[in-house]
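First the structure, in the form of structure tokens, and then the observations on it.
The values are calculated or read from the model by the stated rules, or taken from the named source; none is laboratory data. Small disclaimer: the values here were computed from a predicted structure and weren't measured. Note that each Cβ is placed from the backbone with ideal geometry, even for glycine, and that neighbours are counted across all protein chains shown.
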Amino acid sequence: MELKLVLMAFEGLSKRVDDIMKENQSLKNEIRDLRKQIDLRPTESPVPVTESKSEDELLTLKSAISLLKVSRSGFIRMVNDGIFKPIKLNLRTLRYSRHDLLNFINRR
């Protein structure tokens, strides 16, 4: 009796493994097709090219503060007021556009 239950469980598991293997293969095929589509697209520059390479740099908080010559809390206040928009690289990393900072300095 117990042997029959074990065999039934084993058959059910092997069927589920087969289904997962088929689904995995279809996902691999979809990924391959998407990669082909991406490779066929015309290449576009994701970041607009500017005249000066130094103007489109992304600066850390420390670099931005030293460029503006303000305190950390003063810079944070400017960001909170919407004067500068941080660029999120991931959940924990923020950068600031050198171009935006230089424009702010020139407007002063």
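A few comments on the model shown:
- Enumeration of residues in the range 79-88 that are in a helix (DSSP H, G or I) and either loosely packed, with under 12 Cβ neighbours inside 10 Å or touching a helix residue (DSSP H, G or I) at 6+ places or on another chain (Cβ under 8 Å) (or both): ASN80, ASP81
- Breaking point among (1) on the phi < 0 side of the Ramachandran plot; (2) modelled with pLDDT of 90 or more; (3) surrounded by fewer than 15 Cβ atoms within 10 Å (Cβ to Cβ), for LYS69: (1)
Here's the yes/no breakdown for (1) in contact (Cβ under 8 Å) with a residue 40 or more places away in the chain; (2) over 22 Å from ASP56 (Cβ atoms); (3) touching a strand residue (DSSP E or B) at 6+ places or on another chain (Cβ under 8 Å):
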| residue | (1), (2), (3) |
| --- | --- |
| LEU68 | no, no, no |
| SER71 | no, yes, no |
| GLY74 | no, yes, no |
| ARG77 | no, yes, no |
| GLY82 | no, no, no |
| ILE87 | no, no, yes |
| THR93 | no, no, no |
| HIS99 | yes, no, no |
| PHE104 | no, no, no |
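- Residue in the range 95-107 that is part of a loop (DSSP other than H, G, I, E, B) and loosely packed, with under 15 Cβ neighbours inside 10 Å present: no
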